[in-house]
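Structure record follows, encoded as structure tokens.
The values are calculated or read from the model by the stated rules, or taken from the named source; none is laboratory data. It should be emphasised that the depicted structure is a prediction, and the values quoted were computed from it without experimental measurement. We place every Cβ from the backbone using ideal geometry, glycine too, and count neighbours over all the protein chains shown. Areas reflect the complete protein model, heavy atoms only, side chains present, ligands, DNA and RNA absent. Shrake-Rupley method; radii C 1.70, N 1.55, O 1.52, S 1.80 Å.
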Amino acid sequence: MPPIKFTLLALGSLFVILDPIAVIPAFVAMTTNDPPAAKLRMARLACSVACGVLMLFAGFGKLIFQVMGITLPAFQVAGSILLLRIAMDMLYAKRSKANETDEEVAEGTIKDDIAITPLGVPMLAGPGAISTALILLNQANGAMEVAILFGCIAFVCAVCYLTLALAVRGVAYLSPLALKLATRLFGLLLAAMAVQFVFDALLQTPFFKK
């Protein structure tokens, strides 16, 4: 495959599967009470984590799964449980303990919990994105295309950050009531997404394939 064709394939596949635009509603809902600077920090950290995870699995994913005896469906179910936990707190429009602990409130520190999970993993770098990175690695011919793949991962994650940063600036025009309503609505959607992830994972198991 010509390098330019592989580059376009990698960019298109990664952007579609990470889909930062679809992440915006949940990101806004989970950071309703945070100042813009904190939201930008979380968005930057989440995209950095997603980039690192995708590069890690693109380089060593198969080996990691084999050594630890982990299957992709198991990884998917684990991420779904985390998403469901966050979603239940969002449904009641309250702060999730996964987002903020009592110690963090007392110390006044800037939290990064939702940036790492669930925003960075699995909402951005989820099982689908990891699978895509592994598939693209298998299709890469030579060191040049492997380097192109890593460059595409970094570029797409940078675009994800710019997308979330634009959302942070736009949310200032929404009313608190609208944000609370959005929190509950997207909490329901996030819960449905988590359940769907579990169904998708089960369908990949030998029992359901039969």
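Within the stretch 68-85, residues that are more than 10 Å from P122 (Cβ to Cβ) and of a type in the set (V, I, T) sit with their Cβ atoms under 9 Å from residues that are open to solvent by 50 Å² or more (accessible area, probe 1.4 Å) and outside any helix (DSSP H, G or I), at 6+ positions apart or across chains, in these pairs: T71/Q204.
Counting only helices (runs of 4 or more DSSP H) wholly contained in the stretch 1-82, the ones carrying 2 or more residues that are within 30 Å of L202 (Cβ to Cβ), modelled with pLDDT of 90 or more and of a type outside the set (S, T, N, Q) occupy 3-18, 36-68.
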